[in-house]
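**Student:** The structure is given below, and queries will be raised subsequently.
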Amino acid sequence: MKISSLQKARYEYQPKLPGMLRHGISDICVKEGSETQSVADQEKIKALFPNTYGKKEITFQKGKNTSVAKKHSVGVILSGGQAPGGHNVICGLYDALKETNPDNVLYGFKNGPSGLIEDDYVVFDDAYINAYRNTGGFDIIGSGRTKLETNEQFEIAAEVCKKHGITAIVIIGGDDSNTNAAVLAEYFAAHNTGVQVIGCPKTIDGDLKNEDIECSFGFDTATKTYSELIGNIERDANSAKKYWHFIKVMGRSASHVALECALETQPNICLISEEVAAKKQSLSEIANYIADSVEARGKKGMNFGVAIIPEGVVEFVPEFGKLIAEINELLAGAKAEAFNALPTWAAKYEFIKAGLTAESFAVFDILPQSIQQQLFLERDPHGNVQVSLIESEKLFSALVKDVLAKRGYKGKFNALHHFFGYEGRCAFPSNFDSDYCYSLGYNAFMLIQYGYTGYLSKVSNLSKPATEWVAGGMPITKMMNIERRHGEDKPVIRKALVELDGAPFKYFEAHREEWSKETCYTYPGAIQYYGPAEVCDLTTRTLALEKGEEI
């Protein structure tokens, strides 16, 4: 198989480790911190995790390794959507295993958690691992979205681990996957299986973070990839001077991706879902806000612009959220079959009109027909509207066009539409993500070696050079609260939303009025892998601002 010059060069890149992990495994010891408690619902979480709750945070530092010497057989799972750097987590884990003892074994379970249940695996060796160093994607073993949450699954997992002599499982995933990791760790501990479970924080959405986890891996690369594309579009818009570009980016529950891309590129408009919810903004208010920018720029002869739209923003519009809830109820059970049997859209339209409240139908009726129909596409497994299928970039450009027409606007408004999602999930990881992920994997083995379970691999001080990064671990239960899921109270890791009083949003808020009226575009360009550290190892604007640094 032929490989590109960049791919060959990236194979040879040696990721940087945190300072305390550079001394060699024999010279790494543990410093224990204080005991922890969950972020909320402490008594309920403690009752659900009696064997793994309240454990101490730990930090690794230079010193004599006091762990018990033994052979380790470890299993690793990639869970959920792809994120740049996942391969390097596995590479770092593999290298630490082999550095400790060449006889240690790493099993890669294929296609996500189902690989563990189905006993479908590969045993890694040097040749296999070396073909994936510093590359994007999850194709090293594949990923999947099977949830490990039933006792039957846990029993099978325990048997598979026993069959292969596996004493630890590393789960690389987002908030749901690491919640599953915590539940699995509790089961293994309660049943004295001798199998540890360690999690690693992954998601390009950026919503798996807190005071301990400064950044989930993949966010840096994905936002840099999207920002390059947005910058390219801004340059084109400023050259052609005749199109408004509406760009949807990933982020259903949180707008971290949209905000970071806005900080990188300074577009004319960027919607933040959390602000829409906090201010209870209506579709009309949002459309008028964008139209104000179109009109102000048009009066200056600038009939072009760029607007960034988070994919889940419509869910945060109160009137739209109510509409979706009513549609979910309208098509519950047998009523969905009756609706689907109707022969024409006109007939379905009348069915909808009869089934919605007057308030919700008024919202439905202002939507373009294409968006109306998208609300009735294939449902998710729970029978609900798949909001991610709604082309919100087209929705808002259509609403803006209507607003301008009602205002009697005489200028030009021509809209083009884009959705940047999959383009960023498997990109070549940036140096930051290559280093961070390798460190997370290497660090995961250190947690295993010292006997920890139910912990998340943690690397912090990330806005500084890698030599100053701090490695350690934190109990996953520390991040948990109780939420209502499918009619039941469930322990889950709390998602981190954009904080409207946080430094990144405040910076954006302070500049967006100028950006909306003037052309202040910035052009990040492609991710750089070789050259000055200030270019190649640059962190995200979000992280820099959160750490009080200038951007």
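The values are calculated or read from the model by the stated rules, or taken from the named source; none is laboratory data. Please read all numbers here as calculations on a predicted model, not as lab measurements. Backbone-built Cβ (ideal geometry, glycine too); neighbour counts: all protein chains shown. Quick note on the areas: whole protein, heavy atoms, side chains included, nothing else; ligands and nucleic acids left out. Shrake-Rupley method; radii C 1.70, N 1.55, O 1.52, S 1.80 Å.
**Student:** From the set of residues in the range 23-45 that are open to solvent by 90 Å² or more (accessible area, probe 1.4 Å) and in contact (Cβ under 8 Å) with a residue 24 or more places away in the chain, which is farthest from Y438 (Cα to Cα)? Before you say what the answer is, go through the steps one by one.
**Tutor:** Filtering the range 23-45 for residues open to solvent by 90 Å² or more (accessible area, probe 1.4 Å) gives 31-32, 35, 37, 43-44.
Narrowing the set further to residues that are in contact (Cβ under 8 Å) with a residue 24 or more places away in the chain leaves 31-32, 37, 44.
Values: K31: 22, E32: 23, Q37: 28, K44: 35 Å.
Checked the range 23-45; the qualifying residue farthest from Y438 (Cα to Cα) is K44.
**Student:** Identify, by number, the condition in (1) buried (at least 16 other Cβ atoms within 10 Å of the Cβ); (2) part of a loop (DSSP other than H, G, I, E, B); (3) out of contact with any Pro (no Cβ under 9 Å at 6 or more places or on another chain); (4) not charged (D, E, K, R) that L377 doesn't meet.
**Tutor:** (1)
**Student:** Condition first: in a loop (DSSP other than H, G, I, E, B) and either without any contact (Cβ under 8 Å) to a residue 12 or more places away in the chain or hydroxyl-bearing (S, T, Y) (or both). Can you find one or more residues in the range 463-475 that meet it?
**Tutor:** Here is the first cut: in the range 463-475, the ones in a loop (DSSP other than H, G, I, E, B) are 463-465, 469.
Pick out the ones that are also either without any contact (Cβ under 8 Å) to a residue 12 or more places away in the chain or hydroxyl-bearing (S, T, Y) (or both) and you get 463-464.
Yes, because at least one residue in the range 463-475 is in a loop (DSSP other than H, G, I, E, B) and either without any contact (Cβ under 8 Å) to a residue 12 or more places away in the chain or hydroxyl-bearing (S, T, Y) (or both).
**Student:** crowded, with 18+ Cβ neighbours inside 10 Å and among the hydroxyl-bearing types (S, T, Y), is that true of T467? Working first, answer last.
**Tutor:** On the way: crowded, with 18+ Cβ neighbours inside 10 Å: no; among the hydroxyl-bearing types (S, T, Y): yes.
Taking the combined requirement at face value, the residue does not satisfy it.
**Student:** Can you find even one residue in the range 482-491 that is open to solvent by less than 20 Å² (accessible area, probe 1.4 Å) and either touching a residue at least 60 places away in the same chain (Cβ under 8 Å) or on the phi > 0 side of the Ramachandran plot (or both)?
**Tutor:** To start, the set of residues in the range 482-491 that are open to solvent by less than 20 Å² (accessible area, probe 1.4 Å) comprises none.
The answer is no, given that none of the residues of the range 482-491 is open to solvent by less than 20 Å² (accessible area, probe 1.4 Å) and either touching a residue at least 60 places away in the same chain (Cβ under 8 Å) or on the phi > 0 side of the Ramachandran plot (or both).
**Student:** Also, quick follow-up: Mind checking which residues of the range 181-239 are among the polar types (S, T, N, Q), part of a loop (DSSP other than H, G, I, E, B) and open to solvent by 10 Å² or more (accessible area, probe 1.4 Å)? It would help to see each step written out before you state the result.
**Tutor:** Kept after step one, since they are among the polar types (S, T, N, Q), are these residues of the range 181-239: 192-193, 196, 203, 210, 216, 221, 223, 225, 227, 232, 238-239.
From what is left, the residues that are part of a loop (DSSP other than H, G, I, E, B) are 192-193, 203, 210, 216.
The answer is N192, T193, T203, N210.
**Student:** Only one of these is open to solvent by 10 Å² or more (accessible area, probe 1.4 Å), modelled with pLDDT of 95 or more and in a helix (DSSP H, G or I): E274, E260. Name it. First the steps, then the outcome.
**Tutor:** Working: E260 fails: open to solvent by 10 Å² or more (accessible area, probe 1.4 Å).
Just a single option satisfies the conditions, and that option is E274.
**Student:** Filter the range 47-70 down to residues that are farther than 12 Å from P475 by Cα and charged (D, E, K, R) and give me whichever is least open to solvent (accessible area, probe 1.4 Å).
**Tutor:** Per the criteria, the residue is K70.
**Student:** Pick from K242, K248: which is in contact (Cβ under 8 Å) with a residue 60 or more places away in the chain, open to solvent by less than 10 Å² (accessible area, probe 1.4 Å) and closer than 30 Å to V294 by Cβ? If you could, list the steps in order and put the result at the bottom.
**Tutor:** On the way: K242 fails: open to solvent by less than 10 Å² (accessible area, probe 1.4 Å).
None of the others qualify; the one that does is K248.
The rows are residues; the columns are (1) exposed (fewer than 14 other Cβ atoms within 10 Å of the Cβ); (2) free of Cβ contacts under 8 Å to residues at least 40 places away in the same chain; (3) of a type in the set (S, T, N, Q).
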{"residue": "A332", "(1), (2), (3)": "yes, no, no"}
{"residue": "A341", "(1), (2), (3)": "yes, yes, no"}
{"residue": "T344", "(1), (2), (3)": "yes, yes, yes"}
{"residue": "T357", "(1), (2), (3)": "yes, yes, yes"}
{"residue": "V387", "(1), (2), (3)": "no, no, no"}
{"residue": "S392", "(1), (2), (3)": "no, no, yes"}
{"residue": "G408", "(1), (2), (3)": "yes, yes, no"}
{"residue": "G421", "(1), (2), (3)": "no, no, no"}
{"residue": "R425", "(1), (2), (3)": "no, no, no"}
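**Student:** Could I ask something else about it? Take A510 and tell me if it is open to solvent by 10 Å² or more (accessible area, probe 1.4 Å), in a helix (DSSP H, G or I) and farther than 18 Å from D212 by Cβ. Break it down stepwise before answering.
**Tutor:** Details: open to solvent by 10 Å² or more (accessible area, probe 1.4 Å): yes; in a helix (DSSP H, G or I): yes; farther than 18 Å from D212 by Cβ: yes.
Here the answer is yes, as A510 does meet what is asked.
**Student:** Considering only residues that are assigned to a helix (DSSP H, G or I) and more than 19 Å from the chain's Cα centre (by Cα), look in the range 489-507 and name the one that is farthest from V183 (Cα to Cα). Walk me through it before giving the result.
**Tutor:** Narrowing the range 489-507 to residues assigned to a helix (DSSP H, G or I): 503-507.
Imposing the further condition that a residue be more than 19 Å from the chain's Cα centre (by Cα) reduces the set to 503, 506-507.
Numbers: A503: 34, K506: 37, Y507: 39 Å.
It comes out as Y507.
**Student:** For the range 394-406, which positions are of a type outside the set (V, I, T) and touching a residue at least 24 places away in the same chain (Cβ under 8 Å)?
**Tutor:** Taking the range 394-406 as the starting set, the residues that turn out to be of a type outside the set (V, I, T) are 394-399, 401-402, 404-406.
K394, L395, F396, S397, A398, L399, D402, L404, listed by residue number.
**Student:** To continue, here is another question. Looking at (1) more than 30 Å from N481 (Cβ to Cβ); (2) open to solvent by 10 Å² or more (accessible area, probe 1.4 Å); (3) without any contact (Cβ under 8 Å) to a residue 40 or more places away in the chain, can you tell me which one E149 breaks?
**Tutor:** In the conditions (1) more than 30 Å from N481 (Cβ to Cβ); (2) open to solvent by 10 Å² or more (accessible area, probe 1.4 Å); (3) without any contact (Cβ under 8 Å) to a residue 40 or more places away in the chain, E149 misses (1) alone.
**Student:** If you don't mind, there's one more thing I want to ask. Check the range 303-315 and report whether any residue there is without any contact (Cβ under 8 Å) to a residue 24 or more places away in the chain and either closer than 30 Å to A510 by Cβ or charged (D, E, K, R) (or both). Break it down stepwise before answering.
**Tutor:** Of the residues in the range 303-315, the ones without any contact (Cβ under 8 Å) to a residue 24 or more places away in the chain are none.
Checking the range 303-315: not a single residue is without any contact (Cβ under 8 Å) to a residue 24 or more places away in the chain and either closer than 30 Å to A510 by Cβ or charged (D, E, K, R) (or both).
**Student:** I would also like to ask the following. S457 - would you say it is touching a Cys at 6+ places or on another chain (Cβ under 8 Å) and either in a strand (DSSP E or B) or more than 20 Å from K547 (Cβ to Cβ) (or both)?
**Tutor:** Values: touching a Cys at 6+ places or on another chain (Cβ under 8 Å): yes; either in a strand (DSSP E or B) or more than 20 Å from K547 (Cβ to Cβ) (or both): yes.
Judged against the criteria, S457 is a match.
**Student:** Let me ask you something else. Please give the strands (runs of 3 or more DSSP E) falling wholly within the range 1-97 in which 1 or more residues are within 25 Å of the chain's Cα centre (by Cα) and within 27 Å of G206 (Cβ to Cβ). Show your work before the answer.
**Tutor:** Numbers: elements: 28-35, 56-62, 73-78.
By residue number, 56-62, 73-78.
**Student:** Does any residue of the range 517-535 turn out to be outside any loop (DSSP other than H, G, I, E, B), open to solvent by less than 40 Å² (accessible area, probe 1.4 Å) and in contact (Cβ under 8 Å) with a residue 12 or more places away in the chain? Spell out how you get there, then give the answer.
**Tutor:** Filtering the range 517-535 for residues outside any loop (DSSP other than H, G, I, E, B) gives 517, 533-535.
Now drop any that are not open to solvent by less than 40 Å² (accessible area, probe 1.4 Å), which leaves none.
No, the range 517-535 contains no residue that is outside any loop (DSSP other than H, G, I, E, B), open to solvent by less than 40 Å² (accessible area, probe 1.4 Å) and in contact (Cβ under 8 Å) with a residue 12 or more places away in the chain.
**Student:** For the structure I just gave you, tell me whether V459 is touching a strand residue (DSSP E or B) at 6+ places or on another chain (Cβ under 6 Å), at pLDDT 95 or above, open to solvent by 20 Å² or more (accessible area, probe 1.4 Å) and of a type in the set (A, V, I, L, M).
**Tutor:** no
**Student:** Looking only at residues in the range 111-129 that are more than 20 Å from I156 (Cα to Cα) and aromatic (F, W, Y), which one is least open to solvent (accessible area, probe 1.4 Å)? Write out each step before concluding.
**Tutor:** The first filter runs over the range 111-129 and keeps only residues more than 20 Å from I156 (Cα to Cα), leaving 124-129.
Cutting the leftovers down to aromatic (F, W, Y) gives us 124, 128.
Values: F124: 8, Y128: 69 Å².
Per the stated criteria, the residue is F124.
**Student:** I need the full set of residues from the range 1-21 which are basic (K, R) and either in contact (Cβ under 8 Å) with a residue 12 or more places away in the chain or open to solvent by less than 30 Å² (accessible area, probe 1.4 Å) (or both), in order please.
**Tutor:** R10, K16
**Student:** A further question on this structure: Within the range 277-300, restricting attention to residues that are in a loop (DSSP other than H, G, I, E, B) and either open to solvent by less than 10 Å² (accessible area, probe 1.4 Å) or among the basic types (K, R) (or both), which residue is farthest from A222 (Cα to Cα)?
**Tutor:** Residues of the range 277-300 in a loop (DSSP other than H, G, I, E, B): 279-282, 300.
In the following step, the residues that additionally are either open to solvent by less than 10 Å² (accessible area, probe 1.4 Å) or among the basic types (K, R) (or both) were identified as 279-280, 300.
Values: K279: 29, K280: 29, K300: 34 Å.
Per the stated criteria, the residue is K300.
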